[in-house]
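Undergrad: Structure in structure tokens, see below.
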Amino acid sequence: MLRIEDALDLILSNLPQLKSEPVPLRNAIGRILRQDVVSDIDLPPFDRARMDGYAVISSDLLSASPESRITLRAIGEAAAGNPFLKTVRTGEAVRIMTGAPLPDGADAVEKIEVIEVLSSDAVQFQKPVKHLQFITPRASEATSGELMVENGERITPAITAVLASFGCANPLVSRRPRIALLSTGSELVEVTTTPGPSQIRNSNTYSLGGYSVATGCEVVYSGVVSDDLQKTCDEILKRMAESDVVMLSGGVSMGDYDLVKPALRELGAEIFVERVAMHPGKPTVFAKLGDKVIFGLPGNPVSVAVAFHIFVRPALLKMQGAKEIHLAVIRAETSREVKGAPPRRSHQPGSVRFEDTRVIVEPLKWGGSSDLVAFMRANCLIVVGEDRDRIPSGQIADVILLPANEGALIHA
């Protein structure tokens with residue numbers, strides 16, 4: 001059996017790099033950026049007012065106080081998109097709105113709430129103002145030519161705002177990986193069918209499809225193949241022609257009806273990973289046929305989810321050129337004992353929460369790797385090392401945070 005790190009290294013070093021394509025910015029959320037984006041302007045491009053009030057020369061108001069108020073002459077108005085074009089002189093003030101450019105000559109803004117407006121052309125101040133008060137200086141947020149977003153970033157709504165601000169209307173992003181999903185097993189029936197004796201509904205298609213879409217992929221096919229070697233070979237070949245990755249679930253152990261590895265060998269695929277020292281998910285398979293990637297994941301729903309997050313998710317992100325491909329790991333205090341599975345590294349479903357200054361993780365009660373109902377409530381995986389049979393209650397454990405559940409539309 002391979003160590004998890006060794007299996008992951010083999011997977012990540014044998015992946016194709018997907019091509020890039022420009023997309024309209026409104027369609028870029030969730031895609032992996034494949035260019036550096038630099039600022040084409042200073043931001044803000046001018047000294048900008050942060051408050052509604054009056055633009056003034058701060059030295060005019062050095063001696064202002066409630067007992068010695070200073071009156072300035074109001075000479076105009078500056079609004080966002082409609083600047084005041086004259087120069088402010090000593091003894092003058094300009095009405096200014098939030099977001100408007102600071103007029104030439106002025107160096108501060110006083111908010112309207114503390115100013116007494118005496119008339120349309122006279123305003124009174126009762127305290128000094130500081131130089132650059134309520135002003136966002138030019139280029140304080142970004143300088144023209146500065147790197148704003150790096151190649152490999154996953155585009156979020158916040159990143160789209162930055163790209164829009166610097167004129168990146170059609171960012172260059174990675175093409176979405178096309179994924180074909182195959183659930184193997186003669187016992188499987190579709191979700192619309194009531195299972196008969198010895199049958200179960202196919203759930204892995206939906207979890208793997210959702211995980212794949214949440215990782216930026218397009219699911220181009222999903223279906224079931226029975227326990228027949230020739231049918232498995234034919235289906236793998238057929239789906240390879242229309243996808244970048246074929247992902248199978250089930251049929252990867254050592255039983256008479258576990259036909260994924262025999263089918264891959266029959267097809268001439270190079271198998272890099274067959275078994276990994278992890279629990280659940282030991283019989284995880286990674287192979288290549290030409291430039292196409294094939295994953296064979298265990299059939300049990302929890303095993304398939306754990307294997308996806310440990311191996312498949314980082315692989316799919318790396319294929320897209322992502323800079324960050326691994327899930328976050330934190331340290332948390334166990335609320336009760338967590339069992340291990342030496343000599344394999346264990347990943348137990350858990351629920352992590354924050355209590356004041358403490359981070360607590362609760363291992364979920366589950367009936368093993370087929371207990372998809374318990375896994376539904378998990379927001380993390382509690383890691384128990386290969387050399388440990390348990391982590392006692394109250395001790396610190398490594399915890400892998402799972403991404404939030406996201407819905408997915410699977411295109412059959």
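The values are calculated or read from the model by the stated rules, or taken from the named source; none is laboratory data. Bear in mind that the values here come from a model prediction, so they are computed numbers and not experimental data. Glycine also receives a Cβ, built like all others from the backbone with ideal geometry; neighbour counts cover every protein chain displayed.
Undergrad: Starting from residues that are surrounded by fewer than 24 Cβ atoms within 10 Å (Cβ to Cβ) and at pLDDT 95 or above, keep the ones in the range 288-303 and report whichever is farthest from Lys238 (Cα to Cα).
TA: Lys288
Undergrad: Just to be sure, is Tyr221 among the hydroxyl-bearing types (Ser, Thr, Tyr), surrounded by 15 or more Cβ atoms within 10 Å (Cβ to Cβ) and under 20 Å from Pro314 (Cα atoms)?
TA: Values: among the hydroxyl-bearing types (Ser, Thr, Tyr): yes; surrounded by 15 or more Cβ atoms within 10 Å (Cβ to Cβ): yes; under 20 Å from Pro314 (Cα atoms): no.
When the stated conditions are applied, Tyr221 does not pass them.
Undergrad: Look through the range 4-25, keep the residues that are in a helix (DSSP H, G or I) and without any contact (Cβ under 8 Å) to a residue 60 or more places away in the chain, and return whichever of them is surrounded by the fewest Cβ atoms within 10 Å (Cβ to Cβ).
TA: In this case the residue turns out to be Glu5.
Undergrad: Given the condition under 24 Å from Ala180 (Cα atoms), exposed (fewer than 13 other Cβ atoms within 10 Å of the Cβ) and modelled with pLDDT under 95, answer yes or no: does some residue in the range 339-357 qualify? Don't jump to the end; show me each part of the working.
TA: First, the residues of the range 339-357 that are under 24 Å from Ala180 (Cα atoms): none.
No, the conditions are met nowhere in the range 339-357.
Undergrad: Still on this structure, I have one more. Pick from Val94, Val109, Val117: which is touching a Pro at 6+ places or on another chain (Cβ under 7 Å) and either touching a residue at least 60 places away in the same chain (Cβ under 8 Å) or in the same structural domain as Val56 (by TED's automatic domain parsing) (or both)?
TA: Numbers: Val109 fails: touching a Pro at 6+ places or on another chain (Cβ under 7 Å); Val117 fails: touching a Pro at 6+ places or on another chain (Cβ under 7 Å).
Only one candidate qualifies: Val94.
Undergrad: Can you name every one of the strands (runs of 3 or more DSSP E) wholly within the range 260-321 that holds 3 or more residues which are within 18 Å of Val224 (Cα to Cα)?
TA: Numbers: elements: 270-273, 285-289, 292-297.
Where strands (runs of 3 or more DSSP E) fall fully within the range 260-321 and carry at least 3 residues being within 18 Å of Val224 (Cα to Cα), they are 292-297.
Undergrad: A further question on this structure: Filter the range 166-185 down to residues that are buried (at least 17 other Cβ atoms within 10 Å of the Cβ) and of a type in the set (S, T, N, Q) and give me whichever is modelled with the highest pLDDT.
TA: Ser174
Undergrad: Here's another thing I want to ask about it. Criterion first (under 32 Å from the mean Cα position of the chain (by Cα) and at pLDDT 95 or above) does Met97 satisfy it? Before the answer, list the steps.
TA: On the way: under 32 Å from the mean Cα position of the chain (by Cα): no; at pLDDT 95 or above: yes.
Here the answer is no, as Met97 does not meet what is asked.
Undergrad: Given the conditions (1) under 20 Å from Phe295 (Cβ atoms); (2) not in a loop (DSSP other than H, G, I, E, B), which single one is not true for Gly216?
TA: Of (1) under 20 Å from Phe295 (Cβ atoms); (2) not in a loop (DSSP other than H, G, I, E, B), only one is false for Gly216: (2).
Undergrad: Which residues, taken from the range 37-79, are part of a loop (DSSP other than H, G, I, E, B) and over 23 Å from Glu116 (Cα atoms)?
TA: Our first condition is that a residue be part of a loop (DSSP other than H, G, I, E, B); within the range 37-79, this holds for 39-42, 44-47, 50-52, 57, 62-69.
Ser39, Asp40, Ile41, Asp42, Pro44, Pro45, Phe46, Asp47, listed by residue number.
Undergrad: Considering each residue of the range 122-158, count those that are touching a residue at least 40 places away in the same chain (Cβ under 8 Å) and under 21 Å from the mean Cα position of the chain (by Cα), and give that number.
TA: 11
Undergrad: Kindly indicate which of Arg73, Arg48, Arg89, Arg34 is touching a strand residue (DSSP E or B) at 6+ places or on another chain (Cβ under 6 Å), exposed (fewer than 14 other Cβ atoms within 10 Å of the Cβ), basic (Lys, Arg) and at pLDDT 95 or above.
TA: Of Arg73, Arg48, Arg89, Arg34, the one residue that is touching a strand residue (DSSP E or B) at 6+ places or on another chain (Cβ under 6 Å), exposed (fewer than 14 other Cβ atoms within 10 Å of the Cβ), basic (Lys, Arg) and at pLDDT 95 or above is Arg73.
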